[in-house]
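The values are calculated or read from the model by the stated rules, or taken from the named source; none is laboratory data. This structure is a prediction, so every number in the text was calculated from the model and none was measured. Surface accessibility is based on the protein's heavy atoms, side chains included, excluding ligands, DNA and RNA. Shrake-Rupley method; radii C 1.70, N 1.55, O 1.52, S 1.80 Å.
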Amino acid sequence: MTNLNVFRPRSALVLAILALAINVLFVVQVVFYGDGSWMAQAGVIATTATLAWLLFIKPKVLIFDEGITIVNPFITATIGWAEVDEIETRFGLTIYSGEAKVVAWAAPAPGRYRRRTVHKADVKGINYDKDFGLRPGDLPSSHSGAAAHLARIRRVEFERATATTSAKRSGSVDKLGVALLGASLILLVLGNLLHF
C-alpha cells in the first residue's frame, strides 16, 4: 500500500469515546453500588464496549495507489483499481466490482436536506453533470464525497500509469469481531438467566 489515505469520521470517534465513557461510569456504579449480579453486569459492559469498537472505531476506508480497502464491522474488502467498475455515493461510498457491491460504513452520505445549504464554493473544482445536478453524497464536505473524490482521482491516475500493479480483489469476514460480539452476548444472556 503506497501513498495511503485513511478515512474515518471524527463523529464516529466522538460517539465511541462517549459510549466508552458511559461504560466506565457503569463500571464504577457496578463496583460501588452493584447488587451482586456480576456476570450480567459484566455482560452489559463487554457488549457495549464491543459494539462501540465494531460500530464506531473499526470502520474505515483505506485509499492507496493500487486500490481501495473498505473495513466494515464484520467484513473487510480490498478492490484493486483495475477491478473497480463504478464509484457511487448515493447512500454512502459504494464500490461496484463485477457482481460485488461494497458500501463503506465509514463514509456515509449526508441527508437530503444538505443540498439546500450548498454554496458555489462547495462545488468549485468538482466535475459533475450540470443537467443532472450534484448529489449531496458527492459534496467534498461530506464523508462520502471526500472519500469518493480521492478514490476517483486515484483511479484516473492508475489508469494513466498502466505499468502500476493493481491490488487483487478480496474479501474476508472478521472472525475476531464476530467472536468478541458472540462471547459478550453469551455472557450477557447467561448472566441474566443465572442471575449471577
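Using each residue's phi in the stretch 10-16, evaluate 6.51 cos²θ - 1.76 cosθ + 1.60 at θ = phi - 60° and report the 3J(HN,Hα) Karplus result to the nearest Hz, with x for Gly and Pro.
5, 5, 5, 5, 5, 5, 5
Roll a 1.4 angstrom probe over the protein heavy atoms and tell me the percent of accessible area of the stretch 49-89 that is carbon or sulfur.
Its accessible area is 61 percent carbon and sulfur atoms.
Calculate the length of the line joining the C-alpha centroid of the stretch 53-77 to that of the stretch 147-194, in whole Å.
One Cα centre to the other: 4 Å.
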